[in-house]
Every structure is written in structure tokens, then in C-alpha cells.
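Quick notes on the structure that follows.
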Amino acid sequence: MSVFVIASFCFLATSLLSLIRIIIGPTAQDRLVGLNLIVPQVVAIMVLMAINFNRTVYLDVALVYAILGFISIIAITKYLKGKKLHE
């Protein structure tokens, strides 16, 4: 097994643990923290895939996913705080 495959499995395992936090988190804040942990892990897996397969399209997808993940965390946080999204 290559180093990339082993690293991908490690990121996948920690993503699954974060998914468990999202599913059984007692509060909405715990679920938000779990979601906030999954986004960079998935981005790291996509970057590893881009390096392993020598495909730059995965880097573009990782960049878009990171931006959308950041925006969604901000939107969910504002929603949980009770603010309007356009403020």
C-alpha cells in the first residue's frame, strides 16, 4: 500500500468519527463541530487523490468544496444564533 492510500484511510476513519458526532451529538453545536471537522478532512482526501492520480481536476473540486463548506458553516451558525442570513 502506498502512503497516499494509508493517509486516505486515516482521513476516512476520522471523517467517520466526525460523522458519528454529527449523528449522535446531543446539541446542535456538537453537530456543527462535527460538520466543521468533516470539511477539511474531505478536502485533504481530495488533495491526496489529486496527487495520487495526477489529476488537477480534484484540486479544483477540493477548492470549491472548501469554499462551500466555509460558507455553509457561517450560514448554519447564523441560523442557530437566530440572525437573518443577509446581515
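In this structure, is Val5 touching a residue at least 24 places away in the same chain (Cβ under 8 Å), in a helix (DSSP H, G or I) and surrounded by fewer than 13 Cβ atoms within 10 Å (Cβ to Cβ)?
Here the answer is yes, as Val5 does meet what is asked.
Which one of these is surrounded by fewer than 14 Cβ atoms within 10 Å (Cβ to Cβ), within 30 Å of Lys81 (Cβ to Cβ) and in contact (Cβ under 8 Å) with a residue 12 or more places away in the chain: Gln29, Gln41?
Gln29
Restricting attention to segment 8-50, which residues are β-branched (Val, Ile, Thr) and part of a helix (DSSP H, G or I)?
Listed by number, the residues that qualify are Thr14, Ile20, Ile22, Ile23, Ile24, Val33, Ile38, Val39, Val42, Val43, Ile45, Val47.
Only one of (1) assigned to a helix (DSSP H, G or I); (2) over 18 Å from Val5 (Cα atoms) fails for Ala62. Which number is that?
Result: Ala62 passes all but (2).
Bear in mind these aren't lab numbers, they're just calculated from the coordinates by the rules spelled out. Worth saying up front: this structure is predicted, and the values here are computed from it rather than measured. Counting neighbours? That spans all protein chains shown, and the Cβs are built from the backbone with ideal geometry, glycine included.
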